[in-house]
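Trainee: Here's a structure for you.
The values are calculated or read from the model by the stated rules, or taken from the named source; none is laboratory data. Please read these numbers as outputs of a predicted model, since none were measured by experiment. Cβ atoms come from the backbone with ideal geometry, glycine included; neighbour counts cover every protein chain shown.
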Amino acid sequence: MFYINGTRNVLPVSWHTDNNVARLPTELWTHAIGHLSCKQDLTKVCLVSSLFCAISVPFLYHTIDVHISDEAEWDNHRSLFIKLYEPGFSNLVKMFKARIGCDSVHRSPSCYCDAVDEGIGRVISTLKNLKTLCVECRLCGMYDRHSYLLDGIPTRHLEAFKFNCKKCHGPNNTGGSTFGSKHLFAAPNMQTITSLNLSCQSSWLVGGDGTLKTIVQRRDILPLLKSLVYDVRAGETLLGFPNKFLVSRPITRFYYPGYLRPFEESTYSCVNLECLLLLPDWYLTTIIARQPGVFAHLKHLGVFRAPMDEVVDNNRTENDMVEELRPLTALKHLHTIEITHWIAPAQYDAFEMSEQDSYAFFEYTESFLQRLADEHPSLCRIHIGDIFRPVDLAMEGMLWEREPGGVWAGREIPPLDKWDVLNGMLDVI
């Protein structure tokens with residue numbers, strides 16, 4: 001019997017011949033090798049035979065994940081970049097993730113950031129079959145970085161795009177920009193995107209030909225968009241709730257890293273949403289109680305937190321949470337809610353919390369889960385996560401699912417960012 005797994009010895013020695021490999025159809029080998037997720041294992045499989053090499057290489061280059069945080073890591077990635085300049089490899093890439101950063105605040109003559117950004121841009125300009133692009137930048141802030149995002153992406157099949165860069169300013173900033181009147185929304189590859197994560201300065205979205213409002217009103221921009229993370233800022237200030245954007249696009253899944261309370265008059269824009277994620281704010285349930293029809297299509301809602309008194313009493317906290325969530329009974333299609341691990345004070349700012357902050361930890365008991373199920377018959381999944389820290393520093397999450405017999409089963413899952421959740425990661429994890 002033969003099997004493939006993720007261990008070091010991927011294949012028995014006796015199978016390392018083309019003669020034995022030929023005994024099974026290529027389709028079966030492709031299916032088996034496709035289950036390998038470790039690139040080291042895929043690299044070893046490439047060495048087994050010419051057939052295995054031909055099968056494994058597309059899986060090996062399907063997803064490229066680049067993480068560069070210092071000059072040594074940049075040097076280590078150069079050979080990969082050179083290989084990706086070749087069409088035989090670059091045409092295999094369907095997903096490209098780049099997390100790039102440095103410790104400098106301002107550009108200096110010795111900084112490697114320019115070379116890294118130019119290298120990333122050159123690689124992206126070769127990826128003709130790219131479907132998912134993620135650029136997370138922590139390079140020293142400048143005005144002329146990431147120009148390749150405006151017109152240098154050759155793919156016309158891009159479906160998911162994540163741009164996370166709070167330091168670099170976009171083309172509309174007049175402080176030395178060389179981009180002219182271009183803006184990110186007008187890039188040709190934006191026409192096919194269905195999932196978008198924008199965590200950037202507003203100058204990226206506004207060209208010299210108008211304001212963000214006028215650009216959003218153009219129907220030819222992002223016509224297919226269904227999922228949106230909207231963390232757009234002017235300096236440090238989060239821009240307002242994008243109500244006109246929500247109603248003018250087929251968006252059904254949305255995350256806004258702020259509160260709905262200041263924009264209660266804009267809740268009409270949520271009428272088509274099936275998934276809505278916000279920063280923890282109990283006032284959200286008050287808004288839902290006032291306008292249940294606006295949120296009638298919601299299937300997934302969060303994030304909620306347990307209220308905290310001066311003395312943490314788990315039983316009292318459970319009662320408070322059940323009471324606070326009671327308005328959600330009006331949402332007949334709701335099957336998933338998001339709750340944070342932490343019990344936070346009544347007055348707090350999630351943006352100012354750090355990994356050193358200490359808050360009480362709420363123990364979610366089976367009795368609490370059952371009480372929620374009794375009041376919310378359609379509820380079958382609760383995702384408990386750590387929203388106060390970046391994903392790479394966050395605690396593991398807990399996913400509770402109600403089985404057909406009504407029993408809740410919980411399991412630990414890796415930390416997920418909100419874009420992962422919007423893109424349905426809870427369905428497959």
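Trainee: I'd like to know if segment 386-408 contains one or more residues that are touching a residue at least 60 places away in the same chain (Cβ under 8 Å) and either under 22 Å from Asn197 (Cα atoms) or under 21 Å from the mean Cα position of the chain (by Cα) (or both).
Mentor: yes
Trainee: Would you check which residues across segment 53-73 are closer than 22 Å to Cys111 by Cβ and modelled with pLDDT of 90 or more and list them?
Mentor: Listed by number, the residues that qualify are Val66, His67, Ile68, Glu73.
Trainee: Which is modelled with pLDDT of 90 or more, assigned by TED's automatic domain parsing to the domain that holds Leu158 and closer than 23 Å to Gly141 by Cα, of Ile124, Ile82?
Mentor: Ile124
Trainee: So which residues in segment 306-352 are assigned to a loop (DSSP other than H, G, I, E, B) and at pLDDT 90 or above, if there are any at all?
Mentor: Leu331, Lys332, His333, Leu334, His335
Trainee: So, one more: Among residues belonging to segment 156-187 that are touching a Ser or Thr at 6+ places or on another chain (Cβ under 8 Å) and more than 20 Å from Met142 (Cα to Cα), point out the one that is modelled with the lowest pLDDT.
Mentor: Ranking the candidates gives Arg156 first.
Let's see how each residue does on (1) modelled with pLDDT of 90 or more; (2) in a helix (DSSP H, G or I):
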residue	(1), (2)
Gly258	yes, no
Ser269	yes, yes
Asn272	yes, no
Pro280	no, no
Thr286	yes, yes
Ala289	yes, yes
Val294	yes, yes
Leu298	yes, no
Leu301	yes, no
